[in-house]
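Some notes on the structure that comes next.
The values are calculated or read from the model by the stated rules, or taken from the named source; none is laboratory data. Computed from a prediction, not measured in an experiment: that's the story for all the values here. Glycine gets a Cβ as well: all are built from the backbone with ideal geometry, and neighbour counts include every protein chain shown. With ligands, DNA and RNA removed, areas are computed over all heavy atoms of the protein, side chains included. Shrake-Rupley method; radii C 1.70, N 1.55, O 1.52, S 1.80 Å.
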Amino acid sequence: MKEAYDIYSRKNTTMRLKGKVAIITGAASGMGESMTYLFANEGAKVIATDIQIDKLNAIVEKLQSEGFDAVAVKHDVSNREAWFNDVIPAALNNFGKVDVLINNAGISVPTPFEEQDESLWKKTYDININSVMLGMQAVLPHMKENGGSIVNISSIAALTGMSGPGSYTASKGGVSAITRAAAVDFGKMKIRVNAINPGYIMTPMAEAHLNNPKHKPYFMSIIPMKDYGKAEDIALAALFLASEDARYITGVNLAVDGGTTII
């Protein structure tokens with residue numbers, strides 16, 4: 001946690017989210033943790049949510065000790081009531097509005113395609129795609145008047161044919177598709193909806209797999225930049241899409257993948 005915090009405690013911060021209120025799901029580790037630190041340092045008041053409440057509390061307490069505005073909410077993203085009864089009230093009661101939603105929480109269960117059953121598909125869909133729908137429905141009434149930005153975290157699995165868990169690939173394809181659909185529906189309300197499609201990103205959850213000597217040579221052979229991405233690479237892309245720098249961008253699927261999807 002300390003390393004991530006040092007990265008984003010930048011003296012020359014541009015404050016691109018000054019005065020904005022941002023909800024970030026899956027904020028207790030990896031890409032969500034990096035987004036939480038970066039957004040706070042860029043001026044946002046952050047509602048950080050995760051099911052891992054102890055880890056989340058430690059992150060938020062660190063931010064608060066440095067004078068940043070952040071609130072931790074224990075949150076099952078697949079539960080409608082949690083969105084409407086816990087997350088949205090936390091934003092409104094503490095900061096009075098919602099400007100940004102980052103739908104980041106997700107799971108991937110490494111189970112061979114032929115062994116996946118309905119319970120696995122349901123769990124994956126509940127967390128990876130149903131949560132995105134619920135999050136967008138929850139913030140919509142509070143963004144209608146002044147606009148806003150929604151960033152959904154998809155995957156390069158949604159853009160290319162990849163081996164691996166079919167439930168994950170299918171759910172992330174849904175994230176990319178619902179992003180385009182929502183961008184059309186929400187555009188008239190000045191609400192932008194975009195997706196980020198991470199490639200092979202070195203996070204605590206992925207480290208063992210990406211550094212496995214059996215797998216790494218293959219990954220390096222398909223990544224033109226010959227390196228894994230970092231959690232902060234996704235955070236910086238999310239910052240851009242959340243900010244006014246992207247004021248005329250909506251409905252895109254932005255691959256942050258070192259060029260993996262171009263070959």
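With just the Cα atoms defining each centre, how far is region 170-237 from region 22-79? Give it in Å.
Their Cα centres are 20 Å away from one another.
Using a 1.4 Å probe and counting only protein heavy atoms, arrange 113, 240, 186 so the residue with the most accessible area comes first. Can you show the working numbers first?
Numbers: 113 130, 240 70, 186 25 Å².
Output order, biggest surface exposure first: 113, 240, 186.
Once the Cα atoms of helix 231-242 and of the chain are each reduced to a long axis, what angle between those two axes, in degrees from 0 to 90 to the nearest 10, is obtained?
The helix 231-242 is inclined about 50 degrees to the chain.
Cut-off under 19 Å on the C-alpha distance; same-chain residues fewer than 8 positions from residue 97 excluded. Which lysines are left, in chain and number order?
Within reach: 18, 20, 45, 144, 190.
How do 244, 118, 232 stack up against each other in accessible area, from largest to smallest, with a 1.4 angstrom probe?
These residues rank, largest area first, as 118, 244, 232.
Using amide H atoms built in the peptide plane, which far-off residues or other-chain residues are under 5 Å from residue 148 H to H?
Hits under the 5 Å cutoff: 191, 192.
Using the Karplus curve 6.51 cos²θ - 1.76 cosθ + 1.60 with θ = phi - 60°, what ³J(HN,Hα) values do you get for each residue of region 23-40, in whole Hz, with x for Gly and Pro?
9, 10, 8, x, 8, 8, 6, x, 5, x, 5, 4, 4, 4, 5, 5, 4, 4
What is the local net charge at residue 86, summed over the other residues whose Cβ is closer than 10 Å to its Cβ (Lys, Arg +1; Asp, Glu -1)? Walk me through the intermediate numbers first.
On the way: positive: 74; negative: 76, 81.
Combined, the nearby Lys, Arg, Asp and Glu give -1.
Quick one: what are the phi-derived ³J(HN,Hα) couplings along region 84-89, Karplus 6.51/-1.76/1.60 with θ = phi - 60°, whole Hz, x for glycine and proline?
7, 9, 10, 6, 4, x
Let me make sure I get this right: for region 93-139, a, b and c are the square roots of the gyration tensor eigenvalues over alpha carbons, sorted descending. Under 1.5 in a/c it's rounded, otherwise prolate if a/b > b/c, else oblate. Which is it?
prolate
Give the carbon-plus-sulfur fraction of the accessible surface of region 127-263 in %, rounded to a whole number; probe 1.4 Å, heavy atoms of protein chains only.
Values: 3700 of 6330 Å².
Carbon plus sulfur share of accessible area: 59 percent.
Please report the carbon-and-sulfur percent of the accessible area for region 9-123; probe 1.4 Å, protein heavy atoms only, DNA, RNA and ligands left out.
Values: 2540 of 5370 Å².
Percent of accessible area from carbon and sulfur atoms in region 9-123: 47.
Straight-line reach from residue 172: which aspartates and glutamates have Cα under 13 Å away, leaving out those fewer than 8 places along the same chain?
126
Against the longest principal axis of the chain, how steep is helix 53-65, in degrees 0 to 90 to the nearest 10, with axes from Cα atoms?
Around 50 degrees separate the two axes.
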